[in-house]
Ligand SMILES: Cc1cc2nc3c(=O)[nH]c(=O)nc-3n(C[C@H](O)[C@H](O)[C@H](O)COP(=O)(O)OP(=O)(O)OC[C@H]3O[C@@H](n4cnc5c(N)ncnc54)[C@H](O)[C@@H]3O)c2cc1C
Ligand code: SF4
Ligand code: SF4
């Protein structure tokens, strides 16, 4: 399961790359739900390294 | 609550769609999840004057933060090519003003807006869609005959309607940008830097504004050795002369879908702008295309509404019109993109020697044949040209 750290820029980029729609961006931060299959696409995409396994 | 048209997202695509639909007499509502329209930008804010005015839009003065005469391109070793001329003139916008201005025009035409109102899901109800919206006033259900997904790269409307809007890592620039004050650069030009150590499979940019500049870059993960953020830090460090006195006043990130658009409609649903990945795949500019998509979509929507047929088959006319306008061009630009991504630094140097500004403008317009002829004379590029640019 992917975790988000304090570097997150709220840019929404990871939302658009998740193949199973597991990420949602709220005004307060991103939220990763249990649909995550751990494919790692969001981690590889994130421009600042805010996502970790 | 019931409306004819519910638009999710108040970016450029959403607000132009709203203005069009409202002025055609349809009850129109826009929901925007941010508490302030236009923040935080995910954009370098550049548009060409020609491109935007062709769409009949005369940008208001206060949205313009910089006026541009052309572009300066830099090879990895620092050779420059200058692009100038009528069609290169442009603006660097202040997006938070621009987007509010577009919203104000929609509101003048009769559109209703809600901010800090996030669409959370939707389902078919009778002949319409019921969209759940989380707002300051609590949860709301809004029934709409037509739902417009203007919700950008993070589009959920498309997914909810069964359209595959997932971006692929190979077609999705990962971007980081600082807006900086104290940048020492010619403000009459935008500045574009190429190189595999500068921005792999992308480019770095400096877009000057009145008292600041957007300094950023986009990369593709497949060739990158570090994050976009790290490349920006490196870029700033390596250009001491430009950034000696510069300090950040804003940080931005984002994804740019440098892809070929796919599906844009479903029953009672149309996707516009970034939600449908409608970006120029070579330079990543999406503001003009987002606006254009809404102009085309609203024309089709008007007729479809009046005929009482909002089926996917009927709305598909929008997709066909888009294909007519941009299909061939986008296909060619994708080829060019693939070619450029294979170039080594020495190839960029070679191109800087043989290409003039005008040539590069033609390239961005998807005119490839002259380029192929020119580049074919360079044996070291022959293989790549044959493989990627020739049918
Ligand atoms: C770093 C970077 C630099 C760029 N530079 C340029 C440039 O110089 N020139 C150019 O032309 N283009 C540029 N682009 C591309 C450009 O920013 C986009 O193409 C453009 O913003 C697309 O407009 P849009 O209206 O489709 O989407 P957006 O502007 O992304 O608007 C989508 C809106 O929908 C809202 N939203 C999303 N989900 C929901 C929901 N569930 N409920 C309610 N609201 C929602 C969002 O909050 C947002 O306000 C750049 C992009 C990036 C990332
Ligand atoms: S891509 Fe990274 S910075 Fe952007 S919203 Fe996702 S986690 Fe945050
Ligand atoms: S790891 Fe894959 S499935 Fe999980 S949130 Fe990231 S992109 Fe989605």
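The values are calculated or read from the model by the stated rules, or taken from the named source; none is laboratory data. Only a predicted model underlies this, so the values are computations on that prediction, with no experimental measurement involved. Neighbour counts run over all protein chains shown; Cβ positions are idealised from the backbone, glycine included.
A few notes on this one:
- Scanning region A:24-53 for residues that are exposed (fewer than 14 other Cβ atoms within 10 Å of the Cβ), within 25 Å of residue B:251 (Cα to Cα) and over 8 Å from the mean Cα position of the chain (by Cα) turns up A:26, A:27, A:28, A:29, A:40, A:52, A:53.
- For region A:1-23, the set of residues classified as more than 6 Å from ligand 2 (Cβ to nearest atom) and buried (at least 17 other Cβ atoms within 10 Å of the Cβ) consists of A:2, A:15, A:16, A:17, A:18, A:22, A:23, listed by residue number.
- Any hit, region B:218-234, residues being over 14 Å from the mean Cα position of the chain (by Cα) and assigned to a strand (DSSP E or B): yes
- Total residues in region B:162-177 satisfying the condition of being at negative phi and surrounded by fewer than 23 Cβ atoms within 10 Å (Cβ to Cβ): the figure is 7.
- Odd one out for residue A:34 among (1) at the interface with another protein chain (Cβ under 9 Å from one of its Cβ atoms); (2) more than 10 Å from ligand 2 (Cβ to nearest atom); (3) at pLDDT 95 or above: (1)
- Verdict on residue B:151 being in contact with a helix residue (DSSP H, G or I) (Cβ under 6 Å, 6 or more places away or on another chain) and under 22 Å from residue B:46 (Cα atoms): yes
- Enumeration of residues in region B:299-313 that are in contact (Cβ under 8 Å) with a residue 12 or more places away in the chain, in contact with a helix residue (DSSP H, G or I) (Cβ under 8 Å, 6 or more places away or on another chain) and over 22 Å from residue B:55 (Cβ atoms): B:310
- Residue list for region A:16-39, restricted to those being near ligand 3 (Cβ under 9 Å from one of its atoms) and either within 18 Å of residue B:175 (Cα to Cα) or touching a helix residue (DSSP H, G or I) at 6+ places or on another chain (Cβ under 6 Å) (or both): A:17, A:18, A:21, A:23
- Filter pass, residue B:107 being touching a strand residue (DSSP E or B) at 6+ places or on another chain (Cβ under 8 Å) and in a strand (DSSP E or B): no
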